[in-house]
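Below is one structure, written out as structure tokens; the observations come after it.
We did not get these values from a lab; they are worked out from the coordinates using the rules stated. On a predicted model such as this, the values are computed, not experimentally measured, just so you know. Glycine gets a Cβ as well: all are built from the backbone with ideal geometry, and neighbour counts include every protein chain shown.
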Amino acid sequence: MSFDLNKLIRPNIAKLEAYSSARDEFSGDAKVFLDANENSLGSPSLKWYNRYPDPHQKIVKDKIAVIKRIPAENIFLGNGSDECIDIVFRCFCEPGKDNVIICPPTYGMYEVSANINNVGIKKVPLLNDFQLDLVHLENAIDTNTKIIWICSPNNPTGNSINRVDIEMVLNNFNGLVVIDEAYINFAKQKTFVQELSDYPNLIVLQTFSKAWGLAGLRLGTAFASTPIIKVMDRVKPPYNINQATQEIATKALEEIGQVNDMIKIIVDMREALAEVFLTMPTVEKVYPSEANFILVKIKDARKIYEFLLTKGIVLRDRSNVALCENCLRITIGTEQENTLLIDAMQEWYHLNP
């Protein structure tokens, strides 16, 4: 493989002069900030938020770098992983010309973001076992294919993609390979973050929304080579991660022990909930999961979904997604929430013997 990042960057992005604030022009701790036209008196009740946040998120990145055992220069922070996805499109895909490959069933924002950015989409469906179709994938690539998106563990199926297959793609594709590892902390398969030095075309996405339990914070991470991160930094808004988010994330990163305990609890509940579903009369299959959800194939899935809504229980009906006919995706809730779900399902069976 001959990988040349310069051939992938959109010409206008390569020439782009990024927005630069005065805070990009010094290092160290300043005593007086009179550069950004902030309200120096501050909000009456929240005076400490009157200044713009660190545009480089240095403290947060340094803490992540220690945990991931990589340089901070290999880290990009986004307003949720969705911003990371959008910025990758804007950096490397020429609207109306380039295309990307997605492998449905998969996370829907790859397609949405491609459409927003007017980038072509080639769909290479997963095989029946929810693994990559490498032959179809190879045949789908053309000279304008810039990115292959791989979600592992995959959403909505919950399985990890075969690592050897992903390595095959990385070794043989001259464009970028984005591995979305939003659910990696719940999986047995190890992350690809440690492989950045081996694959210059690799971008790994992770998030604080799942294992860290901070979905409301909206903080996503992208890990890649320093040249790729520099391009993404050039395109992002200068203050895309707000001060409150940076402060909370910094605190959360000091609680990794508690997070690991929480992951174990969720995995145990995942297995227990899967076993209960397997005893239900209309459940045809509970797919193996390495995420914080399970995918259940069930007769009358839509009717059950609508019945549960009347009980105030919201699942995700994935019946209209490729390879997921009559499937419900069920997030692992609290013990109480899981019990309410099971009780409601039993009520359904009582009413529909």
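Given 0.36 nm per residue, what is the gain on full extension from residue 34 to residue 197 after removing their alpha carbon distance, in nm? Let's see the in-between values first.
Numbers: separation 163, 0.36 × 163 = 58.68 nm, distance 4.07 nm.
Between residue 34 and residue 197, full extension yields an extra 54.6 nm.
The relative contact order of segment 256-353, computed from alpha carbon pairs under 8 Å that lie at least 6 residues apart in sequence, is 23 percent. For segment 50-92, the calculated P(r), taken from all Cα-Cα distances in 5 Å bins from zero up to the bin holding the longest distance, is 5, 20, 22, 23, 21, 8, 1 percent.
Sort 231, 135 so the one with the fewest other Cβ atoms within 10 Å of its own Cβ comes first.
135, 231
One quarter of the convex hull surface built on the alpha carbon atoms of segment 150-294 amounts to 10.5 nm², the projected area averaged over directions.
Rounded to the nearest 10 degrees, the inclination of helix 243-252 to the longest alpha-carbon principal axis of the chain is 60 degrees.
Residue separation of residue 335 and residue 265 scaled by 0.36 nm, minus their Cα-Cα distance, works out to 24.2 nm of gained length. The alpha-carbon atoms of segment 116-163 define a convex hull whose volume equals 96 cubic angstrom per residue. The angle separating the long axis of helix 335-351 from the principal Cα axis of greatest extent in the chain is about 40 degrees.
Compared with the dominant principal axis of the Cα atoms in the chain, helix 256-278 is inclined by about 30°. Give, to the nearest whole percent, the P(r) tail of the chain beyond 26 angstrom, counting all Cα pairs. Tail of the P(r) past 26 Å holds 55 percent of the pairs.
Would you list which lysines come within 20 Å of residue 123, measuring only between C-alpha atoms, while excluding same-chain residues fewer than 8 positions from it? Answer for residue 123, where 20 Å is the Cα cut-off: 97, 146, listed by chain and number. Shape analysis of segment 1-97 based on the Cα gyration tensor places the equivalent ellipsoid semi-axes at 32, 19, 15 Å, largest first. Exposure proxy ranking for 233, 180, based on other Cβ atoms within 10 angstrom of each Cβ and starting from the fewest, stands as 233, 180. Based on alpha-carbon centroids, what's the gap between segment 1-80 and segment 98-123 in Å, whole number please? Spelled out, the Cα-based centre of one part sits 28 Å from the other.
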